[in-house]
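Values in this text are rule-based calculations from the coordinates and carry no lab data. Everything quoted here is computed from the prediction, not taken from an experiment. When we count neighbours, we look across all protein chains shown, and the Cβ atoms used for this are built from the backbone with ideal geometry, even at glycine.
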Amino acid sequence: MAKRRPPKIQRGDSSVEFKLLVEPFEDTLTKRSGIAFHFRTAEEFQNFPYELVVEIKQDGKKLFFDIAGLRTPMSGFPRSGPAMCSCEIENMENGNYTIIVDRRGKQVNQFKISINNGIRLLRSINQRKFIDLFTDRSKWAILEG
């Protein structure tokens with residue numbers, strides 16, 4: 001039997017499927033701090049906000065994110081929304097990092113960021129972009145269409 005795709009709310013014909021927000025986090029309760037990586041789909045789903053499955057690996061100043069697919073949410077409450085996933089890395093040193101995002105083994109996008117009293121996108125290294133990187137939460141949350 002063929003896999004059924006989750007129903008989507010269409011949002012224009014942009015080739016960008018995902019958005020990535022990179023921002024500092026600090027949890028005063030648990031005394032944890034570091035950098036958070038928030039992934040979301042550019043499109044919203046009609047019935048459930050599915051969970052994005054993202055695997056992370058770090059090799060020095062290189063961060064590898066593999067977007068493996070979608071998972072049905074644990075909550076049984078239907079509502080519309082994008083698929084999302086968050087990853088946190090604690091105690092990252094200041095410096096330049098390379099972020100490599102792999103979309104299910106089909107396509108890879110690469111970014112260079114600087115972490116030093118804030119986070120700054122240095123450059124995007126790719127020809128066919130499927131993900132946009134943001135350091136400003138207000139721009140990451142807006143859906144084009």
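Results, tabulated for the structure shown:
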item	result
Over segment 15-140, volume per residue of the alpha carbon convex hull, in Å³	126
Highest-fluctuation residue, 73, 24, 82 considered, GNM on the chain with Cα pairs under 10 Å	73
Virtual spin-label span in nm between residue 59 and residue 31, 7 Å along Cα→Cβ	3.5
Using alpha carbons only: equivalent-ellipsoid semi-axes of segment 88-145, gyration tensor based, whole Å	21, 16, 11
